[in-house]
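See structure below.
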Amino acid sequence: MEFHPCGVPGAWLIEPAPLHDSRGRFMRAWCQREFADHKIDFTPVQANMGLSIRRGTIRGMHYQIAPALEAKLVRCVRGAIFDVVVDLRPKSPTYRAWYGTYLSAENGRMLFVPEGCAHGCQATEDMSELYYLTSAFYSADHVRGVRYDDPAIGITWPVDVSDISDQDRSWPFLVSA
């Protein structure tokens, strides 16, 4: 795997190193040693999947607060998504900065989202499915979010929004969070 730093400290775009043969391809999806070599302390405890039926669907922007802080390793296993990390660590030099990239079943790329950062994505194809590992268990009492269209963040989504949950549409703006 190749690790590329992003505009948000601690976030990484991870490119697979697939092996191809007549059967197709094989690639590593996670390796504790390779993560440790890049000073990434990440031990998955939970795996989640989300299917977005329609192109333009947005999920996010979600994060968990202490004591349930979580990091995520996100990949797209069907279709394609625009994946986003937002730095919500107030003492970070990149507070409120965001980074977005395209993940697809075809490119096999992954985005590592560090603790203290929000995560969200938009389906850029119909029937797009993401699979992600987390470093903490889901905790309803510690889940928070910010608006996908918060002007204090200024995410540029690649396609018009076709669907978003009531919860995600109702997260507060950062100025009121």
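Here the Karplus curve 6.51 cos²θ - 1.76 cosθ + 1.60, taken at θ = phi - 60°, turns the phi angles of region 147-162 into couplings of 5, 5, 10, 5, x, 5, 9, x, 5, 9, 6, x, 9, 4, 6, 9 Hz, with x standing for Gly and Pro. Using a probe radius of 1.4 angstrom, the carbon and sulfur fraction of the accessible surface of region 11-159 is 53%. Placing a label point 7 Å from the Cα of Glu34 along the Cα-to-Cβ direction, the residues of region 116-159 whose backbone N falls under 20 Å of that point are 130-135.
When every alpha-carbon pair in region 13-52 is counted, what percent end up more than 17 Å apart? Tail of the P(r) past 17 Å holds 52 percent of the pairs. Summed over the residues of region 68-177 and divided among them, the accessible surface reaches 45 Å² per residue at a probe radius of 1.4 Å.
Karplus-derived 3J(HN,Hα) values for region 102-109, using 6.51 cos²θ - 1.76 cosθ + 1.60 with θ = phi - 60°, are 8, 10, 8, 4, 6, 7, x, 5 Hz; glycine and proline are entered as x. Comparing mean-square fluctuations of Cys76, Cys31, Cys117 from a GNM of the chain with C-alpha springs under 10 Å, the top value falls on Cys31. For region 74-177, the set of trypsin sites (Lys or Arg not before Pro) satisfying both a DSSP loop assignment and a count of at most 11 other C-beta atoms within 10 Å is given as Lys91. Database remark: amide H of Gly108 closer than 5 angstrom to no amide H (H placed geometrically; neighbours at sequence offset of 5 or more, or on other chains; Pro and chain starts carry no H). Loop-resident GluC sites (Glu not before Pro) (DSSP state other than H, G, I, E or B) in region 29-122 with no more than 13 further Cβ atoms inside 10 Å of their Cβ: Glu106. Over all pairs of different C-alpha atoms, region 102-164 has a mean inverse distance whose reciprocal, the Kirkwood radius, equals 14.1 Å.
With 22 Å as the cut-off, how large is the P(r) tail for region 41-112, expressed as percent of Cα-Cα pairs? The calculated P(r) of region 41-112 puts 28 percent of pairs beyond 22 Å. Which percent of Cα-Cα pairs in the chain sits in each 10 Å bin, short to long? Taking every Cα pair in the chain, the percentages come to 10, 39, 38, 11, 2, 0.
Applying the Karplus relation 6.51 cos²θ - 1.76 cosθ + 1.60 with θ = phi - 60° to region 137-142 yields 3J(HN,Hα) values of 6, 4, 9, 4, 6, 10 Hz, where x marks Gly and Pro.
The values are calculated or read from the model by the stated rules, or taken from the named source; none is laboratory data. These figures come from a predicted structure and were not determined experimentally. Note that we place each Cβ from the backbone using ideal geometry, even for glycine, and neighbour counts take in every protein chain shown. All accessible areas refer to the heavy atoms of the entire protein, side chains included, with ligands and DNA or RNA removed. Shrake-Rupley method; radii C 1.70, N 1.55, O 1.52, S 1.80 Å.
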